[in-house]
Structures are given as structure tokens and as C-alpha cells.
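Enquirer: Just passing along the structure, written as C-alpha cells.
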Amino acid sequence: MRFALLLIAIWSTVQTSNTVAGTADSSSLDSITLANGSIIHGTVSNIKNGKVHINTDFAGTVQIDAKKIVEMSTHDPVVVKLSNGTVLENVLIELVDEKPVLHTVGTQAEAAVALTDIVAINPEPWQIGEGYKHEGGASLALVQQRGNSDTDQLDYRIEAKWTGEDDRFAVTAEGELDESEGMKNAENWLVSGKYDRFMGGTTYLGVNSSLKQDIFADLDMRFYLGPYFGRQFYDADRFKLSAELGLTYVQENYINSEDKTYPGANWSLNIGSDIFGDDTELYLNHKGIWDLDSLSDVVLDTRIGLKIPLMMNIQAAAEYSLEYDSGAVDGVDEIDQSIKVRFGYRW
């Protein structure tokens, strides 16, 4: 009999521990009840892309599909930003029978919203129009070979992006310098900049510009500048997709061949995913320029790669790139391909 009572006591303890998700004192924590009856205690840190993020002691940050949540309550007041741009302060979130209500502490004010209408909890200053969020990175690929042949290869890239509530800036600088047996066989660089103005929802208008030099392609400078229309079709960690289409003015100066200028159409396609794990990025970036004076001429730049975090903010990246220029001058290949592995730092 005593043995049976002991087993019942142990079973009861295990069930209680599972119910509160490994938390000894849940009275001061937020709670989430799922459709299957499970209860998770922790601190709700964000709601994004239809998922509720809750920080737990037993499993770190857990992301839960909002559609699977039947009850939720927050213990401490938070700041909530809604999809229509409204920012509510000193708010407690309560979800009962799948009907969420925001309670403003110290008042009788209440607001009924869907979880999907909440775009941020305790938003950062840039998300409410105060300053910009700065992101960027620098990477380097360096190869030195000595022996039967002497080869030096240097590839570098620096990227920076500033995102605000209403607009976004981005700058990229990259280049390549290769030597074999003391003779240069690759020397090129590219600097580009973009400015986007968000129009509400998923659309934006922008202007981009670029300067490129490639000595071994006889290109002293290619400059373009023009406006475009863009749309962010998907913006989830698992799948991101954006596209842009616009017009541009292009000027190409060559070292030996005849210079030319022309109006062009330009476009870009960007796809990203963390399908291989958090903080990884599988990506495809494609952009092109179409010569509207000579419709047979097009310049394409396609890159497929994978970024993998190593430690702290250091990451490795493997990338395949293909550049195609149907209007390449005589003696220069139309297609230029490369595979590179870089190591760099993200901030």
C-alpha cells in the first residue's frame, strides 16, 4: 500500500512539473495554454510573423504558432505595437477562448485585437520611429599557395544596413585581387548603395546606384542610377522573398573599347531561409540590367550561398556566383563563374 502511494506521489509530482514546464514558481511568469492542454510558463518576449516568442528556463526561447494558443496572459506590463502603427504602453495581454484583449494598467481601457495584429512587444526605438537599427558585416577570403606555383587570391566584402520605421539605407563594397606567378589575373571592385521608402504594408519605393570596375574585362567604370518599385512578399525566418523592378541610367566607360550610355530596366530578386538552423542563411540574390537601346544586351549577376555561424559573431560563408554580360567587348568572356569560401564578422 505504501509503495502504491509512493508511486502516485511521484507521478503527481512529474505531472505538475510538466504542466508548469519546469518552473518552480509560475505565479510571477507569463503563461500560455495550447490547444492540446499543455501549459508553458516563461516571459513572452515578442510576437512576430504569427508566432509567439516565450523565454523559458527549460528550453530557452520557444516559438509557438499563435493558432495553437487558446489562452495566454502576461504578468508584467509591456509596450505593444500594432500592425496599423499604434503603440500602446503599460499593457497586459490576456487571451481567453482565443479572443485576445489588451488591458491598459491603471485605467479601464481595453482593446480587442488578434495576435496577428501585434507586430512587436517592447519594440526597439527604431521600430517606433526613433533612430535606426544598424546591421552589417565584413568578410574576407585569402588564399596563398607556394610551391609548384605561386598564387595569391584576395576577396573582400563589407555590408551595412540601417533600418528605420519608415525607410532603409544599405551600402555594399566588395572586390577581388588575384595574382599568379607574380602576374595579376583578376582586379575588380564594386560599390553600391540603396535607399528604400516604405509605403505601408509590404511595398516600398527606392533608388539605387552602383559603381563597378573590372580591369580584366576592359571595364574602367560602369555607373548606374535609377528608381524602382519593390515588394516584400514574405518576411519570415524560414522563408524571405522580395523583388524590385525599375528604370535606370547606365554609363559604361571602357579602357580600350568605345564608351556608351543607355537607358535600362533593372530588377532584383532576393530569397533567404534559415532552413538549416537558427542564425544560418541559405540565400539567392539575383539582379540584372537590360539595355533598352539594344534589347539583345543584358547584364546579370546571380549569387547562391550559405552563411553559417561559428562562434560569437564570427561566421563562414560559401558562395557560388555567376556573372553574365551579353555585351562584353571582344576578347572578354560573356560568363564569369566563381566559388568562394569566406570568413567574417557580423554585427
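The values are calculated or read from the model by the stated rules, or taken from the named source; none is laboratory data. None of these values were measured; they are calculated from a predicted model. As a convention, Cβ positions derive from the backbone with ideal geometry for all residues, glycine included, and neighbour counts pool all protein chains shown. Protein only, heavy atoms only, side chains kept; ligands, DNA and RNA dropped before computing areas. Shrake-Rupley method; radii C 1.70, N 1.55, O 1.52, S 1.80 Å.
Enquirer: Mind checking which of Gly201, Gly85, Gly230 has the largest fluctuation in a GNM of the chain, springs on alpha carbons under 10 Å?
Expert: Per the Cα network of the chain with a 10 Å cutoff, Gly201 tops the list.
Enquirer: Multiply the residue gap between Phe239 and Leu322 by 0.36 nm, knock off their C-alpha separation, and tell me the result in nm, one decimal place.
Expert: Details: separation 83, 0.36 × 83 = 29.88 nm, distance 2.29 nm.
Difference between extended and current length: 27.6 nm.
Enquirer: Report the Cα centroid-to-centroid distance between the range 155-179 and the range 236-263 in angstrom, as an integer.
Expert: 16
Enquirer: How big is the chain by the Kirkwood estimate over distinct Cα pairs, in Å?
Expert: Hydrodynamic radius (Kirkwood, Cα pairs) of the chain is 24.2 Å.
Enquirer: Express in Å², to the nearest 10, the accessible area of Tyr345 obtained by rolling a 1.4 Å probe over the protein heavy atoms while all chains stay in place.
Expert: 110
Enquirer: Here's a follow-up. Could you work out how far apart the two model spin labels at Leu269 and Asp152 are, taking each label as a point 7 Å from the Cα in the direction of the beta carbon, and quote it in nm?
Expert: 4.0
Enquirer: Among Ser83, Ser296, Ser139, which one shows the biggest mean-square fluctuation in a GNM of the chain, springs joining Cα atoms closer than 10 Å?
Expert: Judging by the Gaussian network model, the answer is Ser296.
Enquirer: Continuing with this model, one more query. For Asn55 and Asn185 in one chain, what is 0.36 nm times their gap in residues minus the Cα-Cα distance, to one decimal in nm?
Expert: Working: separation 130, 0.36 × 130 = 46.80 nm, distance 5.26 nm.
Full extension of this stretch gives 41.5 nm more.
Enquirer: With θ taken as phi - 60° and the coefficients 6.51, -1.76 and 1.60, list the Karplus ³J(HN,Hα) couplings across the range 77-94 in order, rounded to whole Hz; mark glycine and proline as x.
Expert: 3J(HN,Hα) across the range 77-94, in whole Hz: x, 10, 9, 10, 10, 9, 5, 8, x, 5, 10, 10, 9, 6, 10, 9, 9, 9.
Enquirer: While we're here: Is any residue of the range 230-245 close enough, with backbone N under 11 Å, to a label point placed 7 angstrom from the Cα of Leu282 along the Cα-Cβ axis, and if so, which?
Expert: Backbone N within reach: 239.
Enquirer: How many angstrom separate the Cα center of the range 25-81 from the Cα center of the range 308-325?
Expert: 34
Enquirer: If I fit a long axis through the Cα atoms of helix 2-19 and take the longest principal axis of the Cα atoms of the chain, what angle between them do I get, 0 to 90°, rounded to 10?
Expert: On a 0 to 90 degree scale, this one is about 40.
Enquirer: How much of Phe169 can a 1.4 Å solvent probe reach, expressed as accessible area in Å² and rounded to 10?
Expert: Estimated to the nearest 10 Å², Phe169 gives 80 Å².
Enquirer: Express in nm, to one decimal, how much length is gained between Ser73 and Arg197 on full extension, taking 0.36 nm for each residue of separation and deducting their alpha carbon distance.
Expert: Details: separation 124, 0.36 × 124 = 44.64 nm, distance 3.61 nm.
So the extension gain works out to 41.0 nm.
Enquirer: On the protein heavy atoms, probe 1.4 angstrom, tell me the percent of accessible surface of the range 100-239 carried by carbon and sulfur. Can you show the working numbers first?
Expert: Details: 4370 of 7910 Å².
Answer for the range 100-239 is 55 percent, counting heavy atoms of protein chains only.
Enquirer: Another question about this same structure. What size of dipole, in debye to the nearest 20, comes out for the range 99-253 about its Cα centre when the only charges are +1 on Lys and Arg C-beta atoms and -1 on Asp and Glu C-beta atoms? Working shown, then result.
Expert: On the way: 14 positive and 26 negative charges, 137 e Å.
In total the dipole reaches around 660 debye.
Enquirer: Karplus couplings for the range 124-131 from phi (6.51 cos²θ - 1.76 cosθ + 1.60, θ = phi - 60°), rounded to Hz, Gly and Pro as x?
Expert: Per residue, the Karplus-derived 3J(HN,Hα) values read 5, x, 5, 6, 10, x, 10, x Hz.
Enquirer: Here's a follow-up. What range in the chain is the longest one free of trypsin sites (Lys or Arg not before Pro) that are in a loop by DSSP and have at most 13 other Cβ atoms within 10 angstrom? Please report the intermediate quantities before stating the final value.
Expert: On the way: sites that count: Arg146, Arg238.
Result for the longest clean stretch: 1-145.
Enquirer: Would you list which lysines come within 25 Å of Lys81, measuring only between C-alpha atoms, while excluding same-chain residues fewer than 8 positions from it?
Expert: Filter leaves Lys48, Lys51, Lys67, Lys68, Lys99, Lys133, Lys161, Lys240.
Enquirer: Continuing with this model, one more query. Where the only charges are on Cβ atoms (+1 Lys, Arg; -1 Asp, Glu), what is the dipole of the range 288-347 about its Cα centre, to the nearest 20 debye?
Expert: Details: 5 positive and 11 negative charges, 178 e Å.
With only Lys, Arg, Asp and Glu charged at Cβ, the dipole is about 860 debye.
Enquirer: How many Å² of accessible area per residue for the range 227-347, probe 1.4 Å? Before the final figure, lay out the partial values.
Expert: On the way: 7190 Å² over 121 residues.
Computed with neighbouring chains in place, this is 59 Å² per residue.
Enquirer: What does a probe at Ser45 reach in the range 62-76, counting residues whose amide N is under 16 Å from the point 7 Å along Cα→Cβ?
Expert: Answer for this model: 62-65.
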